[in-house]
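Colleague: Supplied in structure tokens, the structure appears directly below.
The values are calculated or read from the model by the stated rules, or taken from the named source; none is laboratory data. Please read these numbers as outputs of a predicted model, since none were measured by experiment. Backbone-built Cβ (ideal geometry, glycine too); neighbour counts: all protein chains shown. These accessible areas exclude ligands, DNA and RNA; they are computed on the full protein's heavy atoms, side chains included. Shrake-Rupley method; radii C 1.70, N 1.55, O 1.52, S 1.80 Å.
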Amino acid sequence: MSSNTDSALLIVAHGSTVNPDSSAPTLAHAAEIRRRKIFANVECAFWKEEPSLRDALFLFDPESVREVYVVPNFISEGYFTQTVVPRELELNGRTTQRSGGQIWKYCEPVGNHPMMTELLFKRAREVAPDIDPAETSLLLVAHGTDLNENSAVAAKREAEKISALGKYAAVLNVYMEEPPLVSDWRKLTRTPNVVVVPFFISDGLHSYEDIPVLLGIVVAAGVDRDRPGSAPPATARGEIFRRNPYEIDNRSLFYAPSIGTDPGFAEIILDQAANAKS
């Protein structure tokens, strides 16, 4: 994307009041884009952290910044991108003109970008580089929700696209809160190797604790950890990703960090802004 001296980039994300790592990838991608000096200003705003989405309305001087590109750092087109972000930023469509003449352009979320397939495939190979994909099942884990039926669309789409490559024995989209459930991975797969990639923007409570418990590679707090044959206790933050493979029922399970932590997301964010410009 060419330099935009009178334009700004706003990256919006969910954030968290309980997990400081939630905003870390978004801030890192913003820092990388800022380093490239493409925009006059690059800022972040969050639903659950400061600066808030409402604060973002006052981040850019309308005299010097004539256009603001808003890129949702969300995996899927769903409740937050369709309802929360437009409401909080007072957007009335893909293009919104403020009272001072400043134009805000609302871009597609990062999860809709075609490069997502390549990043997911790369992440799966990184976490298990020495196994035969033909003897491996790849699981993409999303949240699943009843707030918006579109929340699962991105995971389904990416699973189908990777499956079409013909590299893995099976590629499945699974969810934490709706079928097919990630907790049923033993029933859903038949291969000796299973690679699990969380389809999330950041590594937070879901990837550190919830999904590992559902997979059976750690146990929840309060469970008798001294019981013979029980899974190991939950581990601190990134340690969970460094213990691969997990041997369960004579099968090897590889657990990857969330896809949103990949540095390639900076390129996706820039491309989504460029697509809105054209």
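Colleague: Please report the antiparallel percentage of the DSSP beta bridges confined to the chain, to the nearest 5.
Modeller: Details: 6 of 42 bridges.
Antiparallel bridges: around 15 percent, rounded to the nearest 5.
Colleague: Assuming a ≥ b ≥ c are the square roots of the Cα gyration tensor eigenvalues, decide whether region 41-164 counts as rounded (a/c under 1.5), prolate (otherwise, with a/b larger than b/c) or oblate.
Modeller: Prolate is the answer for region 41-164, as a/c is 1.5 or above and a/b outweighs b/c.
Colleague: Within the accessible area of the chain, what % is carbon and sulfur when the probe is 1.4 Å and the other protein chains stay in place?
Modeller: Numbers: 6390 of 12590 Å².
Here carbon and sulfur together make up 51 percent of the probe-accessible area.
Colleague: Quick one: length gained pulling Arg243 to Gln82 fully straight, 0.36 nm per residue minus the C-alpha distance?
Modeller: Result: 54.2 nm gained on full extension.
Colleague: Translational D (Stokes-Einstein, µm²/s) of the chain at 25 °C and 0.890 mPa s when Rh comes from the Kirkwood sum over C-alpha pairs? All intermediate terms of the calculation are to be shown ahead of the outcome.
Modeller: On the way: Rh = 19.7 Å.
The diffusion coefficient I find is 124 µm²/s.
Colleague: Shifting gears a bit: Looking at this model, which pairs from Lys37/Lys161; Lys122/Lys156; Lys156/Lys187; Lys37/Lys105; Lys48/Lys187; Lys48/Lys161 are more than 28 angstrom apart at the alpha-carbon?
Modeller: Lys37/Lys161; Lys48/Lys187; Lys48/Lys161, as the Cα separations exceed 28 Å there.
Colleague: What span do the alpha-carbon atoms of region 111-186 cover on each of the three principal axes, reported in whole Å from largest to smallest?
Modeller: 39, 30, 19
Colleague: Let me ask you something else. Need one number: nm distance between label points at Phe58 and Ile103, each 7 Å from Cα along Cα→Cβ, rounded to one decimal.
Modeller: Taking the two extended label points, one gets 2.7 nm.
Colleague: Mind listing the long-range amide H neighbours of Tyr69? Cut-off is under 5 Å, sequence gap 5 or more, other chains count too, H placed in the peptide plane at 1.01 Å from N.
Modeller: Hits under the 5 Å cutoff: Ala8, Leu9, Leu10, Lys105.
Colleague: Same structure again: In Å², and per residue, what accessible area does region 1-157 have when probed at 1.4 Å with the other protein chains present?
Modeller: Averaged over the residues of region 1-157, the accessible area is 44 Å².
Colleague: Further, regarding this structure: Once every DSSP H run of n ≥ 4 in the chain is given -39500 (n - 2.57) and the sum is divided by its residues, what mean residue ellipticity at 222 nm do you get, rounded to the nearest 500 deg cm²/dmol?
Modeller: For the chain, the value works out to -6500 deg cm²/dmol.
Colleague: How much FRET efficiency would the formula 1/(1 + (r/R0)^6) give for Leu91 and Ala164, where r is the Cβ-Cβ distance and R0 is 41 Å, rounded to 0.05?
Modeller: It comes out at approximately 0.75.
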